[in-house]
Amino acid sequence: MEKQKILYESGNELAAYAAKQINYHVMGYYPITPSTQIAENLDSMRAEGLCDTALIAAEGEHSAAGICYGASAAGGRVFNATSANGLLYALEQFPVQSGTRFPMVMNVACRTVSGPLCIKGDHSDIMYLLNAGWIILFAYTPQMVYDFNILGLKLAEKVNLPVAIAFDGFFTSHQKQKCEVFEEDTVVQKFIGEKHAAYSLLNLEEPITIGSYMNEPDVMNNRYQLHLAMDTARNALPSLFAEYGALSGRTYAPIEGYRQEDAEVILVLLGSAFNTAKEAVDLLREEDIKAGAVTLTALRPFPKTLINYFPSAKIIIVCDRQDSYGAEGGNLSIEVRSAIYRKTRAHVLTRIYGLGGKDFFVEDIISIVKDALLPRADAFAYYGITEGLDGEKQPEYFAPLTKEEQSPGITVCRYDGEAKKMLVTGGKLADTTAMPMRIAPGHSACPGCGIPVNLNLLLKGIEGNVVVLFQTGCGMIITTGYPKTAFRIPYIHNLFQNGAATLSGVEAVYHELKRRGEYPEGDITFLMVSGDGGMDIGMGSAIGTALRSQHVILFEYDNGGYMNTGYQLSYSTPLGARSSTSHLGKAQYGKTFFHKDTPEIMAATHIPYVATVAESNPADFIKKAAKAAAYSRDFGTAYIKALSACPLNWGDKPNLERSVIAAAVDCCYFPLYEVEQGITTLNYDPSVKNKKIPVTDWLAMMGRTKHLAKAEYASIAAEIQAEVDRRFERLKARADHPLL
């Protein structure tokens with residue numbers, strides 16, 4: 001046995017620690033709860049110079065999987081981590097990885113799949129990976145997460161298949177336990193061995209073609225070879241477990257049982273519930289109920305010897321933390337039934353439990369077992385459901401707003417065809433009190449959060465009926481905690497990557513119903529709200545909507561990070577800013593690339609209206625909102641971007657946020673302008689009003705960037721200032737040009 005030390009860590013932290021010891025070449029990632037801590041912790045260790053892994057922040061999980069595939073095809077050791085809808089978004093890429101036989105390791109902190117949106121743990125995500133050709137190891141303790149990350153890479157490179165390490169989100173991923181890790185990284189690296197890529201895209205002396213177009217029988221043969229590789233993995237696992245046991249003192253097996261040798265009723269569970277089941281088994285034995293428990297640590301390859309763990313079983317209860325709807329059981333039930341078909345006379349029952357992270361206690365397992373012992377116990381049932389309202393209408397906390405109430409005449413827009421401009425009259429800040437609040441008080445935003453401020457200013461400028469869509473993010477989470485809602489107008493949610501397309505569908509049906517005479521007369525403004533990095537992962541959908549010029553407003557509240565998952569860097573995070581995936585340390589100074597200029601990207605699609613707004617200039621904000629609504633109704637897509645404060649993660653004071661936003665405008669980091677029918681207008685030039693300040697004055701106001709005002713980071717600050725000045729001078733040049 002090699003020397004080890006004690007750590008008190010969670011599964012996520014231990015996955016990152018194992019990755020640090022392995023020292024992967026590349027981690028392609030995109031943050032998603034509850035797996036995000038893995039990238040955060042690995043980046044923190046990289047910042048301190050403890051590993052050399054290049055962490056590449058993708059704009060979505062699909063791209064993260066592509067980064068991993070490319071890096072592995074080039075001969076690198078590659079790592080990833082994801083959860084839930086992130087796994088589903090990348091699903092298309094996973095058979096590419098396995099079908100071309102490139103090894104890598106991906107951690108999956110299992111979480112319920114949306115919708116409706118839920119971030120808690122169950123197994124509905126990992127089961128989508130069953131047919132992707134990946135080896136799947138399932139850890140039920142943090143210690144196993146560490147060990148399986150090391151074992152998994154060695155197995156992946158032995159059989160040339162990718163490996164997923166699955167574990168329960170918010171249980172195994174976040175709960176800390178005392179664990180052992182190897183003292184020296186070299187022990188881990190020696191156990192895994194040197195990287196010897198069978199093929200590499202970077203081998204210029206023997207160039208290869210990867211991912212050829214194939215017809216049958218070539219694909220048939222490819223799939224057969226993948227099948228043989230899984231068989232090789234199945235045969236290799238026992239000896240690999242034994243080898244690792246000799247090294248660490250911890251021995252594993254593809255199937256683990258607890259007091260099942262003479263058990264008459266046996267529970268089959270995955271993940272952390274196995275530990276709960278063991279406690280329940282001991283208590284049931286005290287009542288003379290011969291109970292036992294079994295778990296699988298390998299879902300793929302599925303262990304063939306499962307039947308050997310039920311020698312005395314009369315009843316087998318498969319507990320699924322996921323349902324394959326309509327199949328009378330989740331995937332675990334289906335596979336267990338298949339594996340033991342005609343090999344036992346035991347009665348097999350299925351119980352669906354713990355969906356959406358619902359707690360599952362020892363008492364629950366005891367109840368399930370005792371219920372299963374009753375005559376005529378149901379073969380399939382959900383455990384832990386509660387009575388619904390059975391058709392009763394949810395209480396109405398406030399009356400819906402009428403069109404008349406939403407049309408107080410604060411702003412009036414008229415299009416000047418000759419000047420190709422939308423002329424706005426009204427819009428005085430004092431008059432906006434006549435506009436009712438479309439978002440009612442009662443949301444759960446943090447003190448000082450800019451989202452409600454910006455949304456309310458935006459909606460003050462939009463007259464008439466509004467239908468709103470929120471992409472996933474803080475704005476969505478703080479306003480729609482089931483069964484209540486803060487919205488007094490129609491609202492729909494969809495995920496980060498598809499909000500604009502979804503609203504396009506709503507808008508298209510509205511116009512088609514009107515065309516057919518199936519919808520009453522009257523205009524509607526369709527508004528998508530995105531933030532928290534939503535215009536990274538959702539950029540493709542937004543550009544597609546803009547190119548189709550659908551009649552919607554795309555509103556981005558830019559808070560400069562993935563705030564709803566704990567502030568990981570987004571493409572709009574400032575250069576040099578500290579975040580949970582761009583740490584400060586002796587080997588790293590924060591985010592390493594410049595912020596994305598989304599308004600310029602959207603202007604390049606030639607939509608009729610693009611604008612930037614800030615809460616520090618409310619009158620300008622309200623008039624631009626009115627313009628955007630008019631353009632979206634009469635011409636096509638409009639886009640507005642607001643800089644939105646996040647005191648929790650920016651590291652400043654909630655009561656000073658308007659001054660922080662004003663400083664961003666005055667240093668020209670966030671200039672106020674509009675692009676109307678392709679013509680740029682600069683709405684505010686701080687140098688003309690003698691208010692222009694250095695960008696470091698703004699950066700020093702926030703904890704995330706105040707280090708950039710120090711002498712040691714002077715070169716980074718100078719680089720930021722030069723880029724801000726360059727972008728602003730280009731903006732002024734366009735504003736001065738009659739055609740730009």
At R0 = 45 Å the Cβ-Cβ FRET efficiency linking residue 431 and residue 48, nearest 0.05, sits at 0.25
Per the Cα gyration tensor, segment 321-422 corresponds to an equivalent ellipsoid with semi-axes, largest first in Å, of 57, 21, 12
CD proxy, 222 nm, the chain: helix-only mean residue ellipticity via -39,500 (n - 2.57) per DSSP H run with n ≥ 4, per residue, nearest 500, stands at -10500 deg cm²/dmol
Longest the chain segment clear of chymotrypsin sites (Phe, Trp or Tyr not before Pro) sitting in DSSP loops (not H, G, I, E or B) with at most 10 other Cβ atoms within 10 Å runs 342-740
Cβ-Cβ cut-off under 14 Å around residue 431, Lys and Arg +1, Asp and Glu -1: the net charge is +2
Filtering trypsin sites (Lys or Arg not before Pro) in segment 405-439 by DSSP loop and by at most 13 other Cβ atoms within 10 Å leaves 420, 428
Counting only residues 5 or more apart in sequence or on a different chain, those whose built amide H sits under 5 Å from that of residue 113 are 124, 125
A student applying the Cα gyration tensor rule (rounded when a/c is under 1.5; otherwise prolate if a/b is larger than b/c, oblate if not) would label segment 31-138 oblate
Largest first and rounded to whole Å, the semi-axes √(5λ) derived from the alpha carbon gyration tensor of segment 659-740 read 27, 13, 10
Measuring from its Cα centre, the chain shows a charge dipole (+1 at each Lys and Arg Cβ, -1 at each Asp and Glu Cβ) which, in debye to the nearest 20, is 500 debye
So, relative contact order of the chain in percent, Cα under 8 Å, 6 or more apart, is 10 percent
The helix 539-548 Cα axis meets the longest alpha-carbon principal axis of the chain at an angle in degrees, between 0 and 90 and rounded to 10, of 50 degrees
Rounded to one decimal in nm, the spacing of the 7 Å Cα→Cβ label points at residue 213 and residue 341 is 3.8 nm
Computed over segment 411-736, the distribution of all Cα-Cα distances in 10 Å bins, rounded to whole %, is 6, 27, 36, 23, 7, 1, 0
Honestly segment 111-260 on the Cα gyration tensor test (a ≥ b ≥ c root eigenvalues; a/c under 1.5 rounded, otherwise a/b vs b/c for prolate or oblate) is just oblate
Taking every alpha carbon pair in segment 217-293 and sorting the distances into 5 angstrom bins from 0 up to the bin holding the longest one, the percent per bin comes out as 4, 13, 15, 12, 14, 14, 11, 8, 5, 3, 1, 0
For segment 186-318 (alpha-carbon point model, no solvent) the Debye-based log₁₀ I(q)/I(0) at q = 0.16, 0.18 Å⁻¹ works out to -0.96, -1.07
Rg from C-alpha atoms of segment 499-592, normalised by the globular rule of thumb 2.2 N^0.38 Å, equals 1.49
Env charge @ residue 415, Cβ radius under 13 Å, K,R +1 / D,E -1, value +1
Segment 598-740: antiparallel bridges as % of DSSP beta bridges, rounded to 5, reads 60 percent
Taking every alpha carbon pair in the chain and sorting the distances into 10 angstrom bins from 0 up to the bin holding the longest one, the percent per bin comes out as 3, 13, 21, 22, 19, 14, 7, 2, 0, 0
Per DSSP, the loop-located trypsin sites (Lys or Arg not before Pro) within segment 324-401 having at most 10 other beta carbons within 10 Å are 342, 345, 376, 393
To the nearest 10 degrees, the tilt of helix 36-47 (Cα long axis) against the first principal axis of the alpha carbons of the chain is 80 degrees
Answer check: segment 591-740, Cα atoms, Kirkwood Rh, Rg/Rh ratio of 0.98
Checked against the positive end of the charge dipole of segment 395-480 (+1 on Cβ of Lys and Arg, -1 on Cβ of Asp and Glu, about the Cα centre), the farthest of 435, 472, 422 is 422
Residues of segment 703-730 with backbone N under 16 Å of the label point set 7 Å from the Cα of residue 659 along Cα→Cβ are 703
Note on the chain, DSSP bridge orientation, antiparallel percent to nearest 5 equals 30 percent
The ³J(HN,Hα) series, computed from each phi in segment 226-231 with the Karplus coefficients 6.51, -1.76 and 1.60 at θ = phi - 60°, rounded to the nearest Hz and given as x for glycine or proline, is 5, 4, 5, 5, 5, 4
Magnitude of the Cβ-charge dipole (Lys and Arg +1, Asp and Glu -1) of segment 255-382 about the Cα centre, nearest 20 debye, reported as 600 debye
Cα-based Rg and Dmax for segment 255-382, in Å, come out at 13.2, 37
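Each value in this text was obtained by applying a stated rule to the coordinates, not by laboratory testing. Bear in mind that the values here come from a model prediction, so they are computed numbers and not experimental data. We place every Cβ from the backbone using ideal geometry, glycine too, and count neighbours over all the protein chains shown.
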